[in-house]
Amino acid sequence: MTDLNLWYTRCPTPTPLGLAVKLGYLQSALAAKSVGVQSLQSSPDEKVRASHFDHSQPWSFRQGGNIPPIHARASGRDTRLIGINWIDEFQAVITLPSSGVRDVAELFGKRLGLPRQPPGIIDFQRATALKGLLSTLQVAGIRRDQVQFVDVATRTPTLGATTPGYPPQLVRRLPYANELTQLIKGEIDAFFVKGAEGLSLAHQFDAVILNQTGNHPDPAIRINNGTPRLLTVDGTLARERPDLVQSLLDSVAEAAEWASRHPDETQRFVAQEIGVSEEAVQGAFGPDLHRKFATHLDAPGLQAINSFKNFLLTEGFIDADFSVEAWVYE
């Protein structure tokens with residue numbers, strides 16, 4: 001019998017929270033306090049599932065891409081930042097051999113695809129792509145006004161929704177289908193991809209990788225939606241049950257320790273989370289992925305979040321500024 005039920009969600013990426021759930025550490029820690037836990041994705045209520053993006057569900061916590069929680073905080077949502085996990089990933093601008101573009105310097109004057117989601121939702125895909133493209137142009141010494149950005153309409157992301165005509169087990173579509181279609185049609189010349197999905201897509205279609213920024217030595221170039229990933233909780237949970245926040249932190253720390261001792265199993269888990277091959281996981285995140293599951297609240301991580309928050313504000317993806325320092329849970 002449980003006295004309270006919490007909600008959790010994580011992105012289909014390498015996250016300590018996802019691993020803590022997979023190993024049962026989180027459930028055991030909360031059960032010891034007579035607290036249950038349920039995935040947002042498992043709810044039949046679309047509004048509850050939408051909390052993955054807007055952090056609206058009370059008594060919930062989240063780990064994943066940082067654009068949705070930053071957007072939620074900027075919109076006045078009562079949340080707290082309790083941890084930062086930094087796992088660098090493959091980030092690149094790609095094109096097809098038929099484009100004739102072979103080097104990043106040749107992007108001058110080219111058409112770069114920018115995904116655009118329907119109005120009314122957090123357009124994290126567009127923000128992610130724009131940051132990746134601008135970082136690539138910066139490295140190449142090309143100004144943003146020396147290329148043409150072309151909107152590419154994309155699907156509204158949904159959680160837990162199935163596709164008519166397909167097996168119900170398929171509840172997630174891999175990204176970049178619309179961008180690739182536009183590239184094949186010759187309506188754009190290149191677009192940005194990231195992570196194991198992006199690497200898999202590039203390899204599948206023998207795409208030309210013009211430039212990689214995911215391993216750039218400057219963190220300001222690497223910073224993006226998935227770099228780093230944030231662990232956040234809603235304000236009610238943070239204020240009324242700090243003991244549960246500590247249990248959550250203890251669980252993800254335990255998962256990180258387990259990962260450091262189980263490289264092969266960790267790689268396999270991440271491949272299952274994303275829905276790609278283990279080879280793609282190793283190629284996208286490197287052979288030391290299992291050593292990178294630690295969650296911290298350190299100065300470099302907070303500086304990175306503040307920098308990316310400023311980018312989102314400058315580019316109009318969030319409407320209001322806020323203090324990252326004041327966001328941190330104490």
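LEU174 passes every criterion in (1) surrounded by 19 or more Cβ atoms within 10 Å (Cβ to Cβ); (2) outside the structural domain of VAL48 (by TED's automatic domain parsing); (3) touching a Leu at 6+ places or on another chain (Cβ under 8 Å) apart from (1).
Count of region 280-301 residues, restricted to those that are of a type in the set (A, V, I, L, M), surrounded by 18 or more Cβ atoms within 10 Å (Cβ to Cβ) and part of a helix (DSSP H, G or I), is 4. Flag set for ASP321, criterion: exposed (fewer than 15 other Cβ atoms within 10 Å of the Cβ) and part of a loop (DSSP other than H, G, I, E, B). Out of all the residues in region 66-80, is one or more surrounded by 23 or more Cβ atoms within 10 Å (Cβ to Cβ), in contact with a helix residue (DSSP H, G or I) (Cβ under 9 Å, 6 or more places away or on another chain), part of a loop (DSSP other than H, G, I, E, B) and touching a residue at least 40 places away in the same chain (Cβ under 8 Å)? For region 66-80, residues surrounded by 23 or more Cβ atoms within 10 Å (Cβ to Cβ), in contact with a helix residue (DSSP H, G or I) (Cβ under 9 Å, 6 or more places away or on another chain), part of a loop (DSSP other than H, G, I, E, B) and touching a residue at least 40 places away in the same chain (Cβ under 8 Å): present. Might you let me know whether region 47-59 holds any residue that is crowded, with 24+ Cβ neighbours inside 10 Å and not in a loop (DSSP other than H, G, I, E, B)? Yes, some residue in region 47-59 is crowded, with 24+ Cβ neighbours inside 10 Å and not in a loop (DSSP other than H, G, I, E, B). Only one entry of ALA20, ALA74, ALA29, ALA50 meets the criterion of being modelled with pLDDT of 95 or more and out of contact with any Ser or Thr (no Cβ under 6 Å at 6 or more places or on another chain), and that entry is ALA74. Within region 131-143, if we keep just the residues that are out of contact with any Phe, Trp or Tyr (no Cβ under 8 Å at 6 or more places or on another chain) and under 30 Å from ASP54 (Cα atoms), the residue that is surrounded by the most Cβ atoms within 10 Å (Cβ to Cβ) turns out to be SER135. Within region 33-52, the set of residues being out of contact with any Phe, Trp or Tyr (no Cβ under 8 Å at 6 or more places or on another chain) and closer than 20 Å to ALA238 by Cβ comprises LYS33, SER34, VAL35, GLY36, HIS52.
The rows are residues; the columns are (1) without any contact (Cβ under 8 Å) to a residue 12 or more places away in the chain; (2) over 17 Å from the mean Cα position of the chain (by Cα).
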position: GLU240; (1), (2): yes, yes
position: ARG291; (1), (2): no, yes
position: THR295; (1), (2): no, no
position: ASP298; (1), (2): no, yes
position: SER307; (1), (2): no, no
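Looking only at residues of region 137-174 that are hydroxyl-bearing (Ser, Thr, Tyr) and within 19 Å of GLU197 (Cα to Cα), we find that the one that is modelled with the highest pLDDT is THR154.
Return only the number of the condition from (1) part of a helix (DSSP H, G or I); (2) over 19 Å from ARG229 (Cβ atoms) that GLN272 does not satisfy. So the condition that GLN272 fails would be (2).
Annotation note: of GLU187, GLU257, the sole residue that is closer than 20 Å to HIS290 by Cβ and either among the acidic types (Asp, Glu) or at pLDDT below 95 (or both) is GLU257.
The values are calculated or read from the model by the stated rules, or taken from the named source; none is laboratory data. Here the structure is a predicted model, which means the values were calculated and not measured. Because the Cβ atoms are built from the backbone with ideal geometry, glycine has one as well, and the counts that use them run over all protein chains shown.
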